[in-house]
Amino acid sequence: MASWGRRSFVVVAYRIGAFSKVNLQGRTARIRIDGGSCRRHPFNPGVSVPHPWPCNSMASLFLAGRFKSSIAGNQVDSRHNDEDDDDNQAIDFPGGKVAYTTELKFISGSSDKRIPCYRVLGDNGELIKGVDFEKVNEELAVKMYRDMVTLQVMDTFFYEAQRQGRISFYMTSFGEEAVNISSAAALTKDDIIMPQYREHGILLWRGFTLQEFANQCFGNKDDVGKGRQMPIHYGSSNHNFVTISSPIATQLPQAAGMAYSLKTDRKDACVVAFIGDGGTSEGDFHAGLNFAAVMEAPVIFVCRNNGWAISTPISEQFRSDGVAVKGQAYGIPSIRVDGTDALAVYSAIRAARNMAVNEQRPVLVEVRSHHM
Ligand SMILES: Cc1ncc(C[n+]2csc(CCOP(=O)(O)OP(=O)(O)O)c2C)c(N)n1
Ligand SMILES: [Mg+2]
């Protein structure tokens, strides 16, 4: 955990020029003579770096230039289409060529058609005919169902305990069980979770025991955090689940930095950062998305849009077509999904993970959910 934080910090520090005076040449040379078994330097295939720690940490610390992927970057440049131009004229503009037009027209603040919501199951819970989805086998389906039920039962117990004054705080996942469990099922355990506070179902899926949840909520001697955190602020490096942080949205820029470090280390994994609709009203949401987009970081942003930030409805938070369009504005592939449809969430997160890891780019999944 500490090393993730360190590397994310290092990436950010490099971006703001904190290491501009470091002699990269000299450092790279020192890495080479440090001894131990070697592997290729991620930015300079001609240079070997030793195992175990220097290669991972140093890779991020002494990068000599931005790590390129760059499917996403190439797509930006290929958007220009000569046929659409007025008189085939175009202007070189930051980000690629832009056509001229003689029409005095503002682009609309909203599109005519709202972004549709992907679903697999119909209103009666049956598979929709011809639907495009990722099948789950019986064993996986049963585990998904069992964990969703367990999550509900656990939430009921702890919520009651909080109402009775036995613990000081609690957050439930009622109505958002599928967002938790289907996301967990679609990911690998190497994928790093950066939660908001209603994603404890992912920890459950990964094997965090009910006793461990209780230890944290009661802050007893067996709690790994030794009671230093508020209840529900779980974290487990064993389960690649970064400790929940109370100020919402702070996890998003951190997720972009952490994902970038996975990229520089050529890990077969991504970061999955969760946020509520309320969290999107924070500046960190925008910083995180933009940072991830320009750095082409393998991070999936999952936004649980349940329509409310405590008592503030989304109509008082934004006037856009939800959250998915904001991903598009930052150049991030985005989708809207029915969060009460376990198979739809599973398929969307699987597809998002493939894109994030194979194409090394961020993806945004807006999950339409109902918190009860
Ligand atoms: C930076 C910051 N501002 C305000 C709060 C107080 N706060 C806690 S939860 C919450 C609402 C968040 O709503 P949303 O992100 O939609 O999550 P939901 O509870 O709906 O799952 C707020 C404003 C906070 N924790 N951090
Ligand atoms: Mg909300």
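The numbers here are math on the coordinates, done by the rules we state, and not lab data. Note that the structure is a prediction, hence the values are computed from the model and not measured. Note that each Cβ is placed from the backbone with ideal geometry, even for glycine, and that neighbours are counted across all protein chains shown.
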Cα centroid distance between region 206-276 and region 186-201, in Å? 8
Taking 0.36 nm per residue of separation between K189 and Q89 and subtracting their Cα-Cα distance, the length gained on full extension comes to 30.9 nm
Of the peptides 231-242, 94-105, 176-187, 203-214, how do they stack up when ordered by the mean number of other Cβ atoms within 10 Å, highest first? 176-187, 231-242, 203-214, 94-105
Reach of K105 by Cα under 30 Å, taken over lysines that are not fewer than 8 positions away in the same chain: K97, K113, K326
Considering only DSSP beta bridges where both residues belong to region 138-368, give the percentage that are antiparallel (nearest 5). 10
Please list, in order, the residues from region 339-372 whose amide nitrogen is less than 11 Å from a point placed 7 Å along the Cα→Cβ vector of I128. 344
24 Å Cα-Cα reach of K267 towards lysines, excluding residues that sit fewer than 8 places from it in its own chain: K68, K189
How would H286, H200, H370 line up from fewest to most surrounding beta-carbon atoms within 10 angstrom? H370, H286, H200
So how much slack lies between T250 and K221, counting 0.36 nm per residue of separation and subtracting their Cα-Cα distance, in nm? 7.6 nm
Estimated FRET transfer efficiency when R0 is 45 angstrom, pair N137-I107 (beta carbons, to 0.05): 0.50
Give me the distance in nm between label points sitting 7 Å out from Cα along the Cα-to-Cβ direction at T243 and Y159, one decimal. 2.8
Under a Cβ-only charge scheme (Lys and Arg +1, Asp and Glu -1), can you give me the dipole magnitude of region 138-368 about the Cα centre, in debye to the nearest 20? 320
In nm, what is the difference between 0.36 nm times the number of residues separating S315 and R114 and their Cα-Cα distance? 70.8 nm
What are the residues whose amide H is under 5 Å from the amide H of V272, where those residues sit 5 or more places off or on another chain and H is modelled from the backbone? I192, I193, M194, I300
